[in-house]
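Note sheet for the following structure.
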Amino acid sequence: MDDIFKSVSYSQTTLTELMIPSYANFGGKIHGGILLSLMDKVAYACASKHAGNYCVTVSVDNVEFLQPVDVGEMVSMFASVNYVGNSSLVIGIKVIAEDFKIGTVKHTNTSYFTMVAKDENGHVTQVPGLILESKDDARRFLEAIKRKELKNTYKKELHNAKTLLEVDSNRHLFAKERCKITF
Ligand SMILES: CC(C)(COP(=O)(O)OP(=O)(O)OC[C@H]1O[C@@H](n2cnc3c(N)ncnc32)[C@H](O)[C@@H]1OP(=O)(O)O)[C@@H](O)C(=O)NCCC(=O)NCCS
């Protein structure tokens, strides 16, 4: 697939769905899990269209629901390929919720799904390269490279921190927290 390239616009996908009462939690707001499931669906559609193959979800970054979504709102998810590696793709998803009655539009979150393409035998397979047709396409590609670097650094530092964390020598850290040690 080294010579195959597809544009970002080729696979851009939008999913719009009305938030119905059965999606709500006990507080009357939409379950985060419902939104995650819809995000996974639109990420799959976008990634598979670019890859021309079945894709699986490997990781999800930056999921923070800063504003609640209400029953009756129309949620739209805009997905596009931000970055391609060899067999992996990063799909950026912007989520908005609209209330048509009062005319509000909330940006609830932007998240990044890393997907990997698999062939008919279940083996990872190369995806087409990406044609960046605008400065925004190029900026998103660069941001994805930066996020990947930062994530690798974070993973290494977390691993090192975990190996250094010893309960008895860190008792002072518990003192600032809302917990009681009973051993
Ligand atoms: C994702 C998966 C295919 C990776 O398998 P693997 O044997 O590690 O394959 P590779 O080492 O060749 O990696 C394949 C790609 O995945 C990427 N990858 C692997 N682990 C990753 C991680 N934790 N985060 C981001 N990307 C990752 C690699 O960077 C590589 O990308 P590239 O080809 O663009 O360079 C495998 O772990 C898998 O099938 N996981 C289950 C996925 C699934 O079923 N998801 C549904 C939810 S249950």
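Highest-first packing order for the peptide set 159-171, 21-33, 75-87, 104-116 is 75-87, 104-116, 21-33, 159-171, based on the mean count of other beta carbon atoms within 10 Å. To the nearest Å, what is the center-to-center distance of the range 14-63 and the range 131-183, using C-alpha atoms only? Using only Cα atoms, the two centres lie 25 Å from each other. Note on the chain: helix-only mean residue ellipticity at 222 nm, from DSSP H runs of 4+ residues weighted -39500 (n - 2.57) and normalised by residue number, equals -10500 deg cm²/dmol. Checked against a 25 Å cut-off, the cross-linked pairs LYS106/LYS151; LYS6/LYS148; LYS49/LYS94 give Cα-Cα distances beyond that limit for LYS106/LYS151.
Packing-wise, with mean Cβ within 10 Å as the measure, how do 66-72, 89-95 rank, highest first?
Details: 66-72: 14.1, 89-95: 23.7.
By packing density, highest mean first, the sequence is 89-95, 66-72.
Stretched out fully, how many nm does the piece from LYS155 to ASP119 gain, at 0.36 nm a residue minus the Cα gap? Write down the numbers at each step before the final one.
Working: separation 36, 0.36 × 36 = 12.96 nm, distance 2.90 nm.
Extending this stretch completely gives an extra 10.1 nm.
Would you please name the GluC sites (Glu not before Pro) within the range 32-110 that are DSSP coil residues with at most 13 other C-beta atoms within 10 Å of their C-beta?
For GluC sites (Glu not before Pro) across the range 32-110 that sit outside H, G, I, E and B with at most 13 neighbouring Cβ atoms in 10 Å, the list reads GLU64.
In terms of the Cα gyration tensor, with a ≥ b ≥ c the square roots of its eigenvalues, is the chain rounded because a/c is under 1.5, prolate because a/b exceeds b/c, or oblate? Oblate is the answer for the chain, as a/c is 1.5 or above yet b/c matches or exceeds a/b.
List the relative contact order of the chain as a percent without decimals, with contacts defined as Cα pairs under 8 Å and 6+ residues apart.
Relative contact order comes out at 25 percent.
Computed from the coordinates by the stated procedures, all read-outs in this text should not be read as laboratory data. The shown structure was predicted, so the numbers you read here are calculated from the model rather than taken from an experiment. Glycine also receives a Cβ, built like all others from the backbone with ideal geometry; neighbour counts cover every protein chain displayed.
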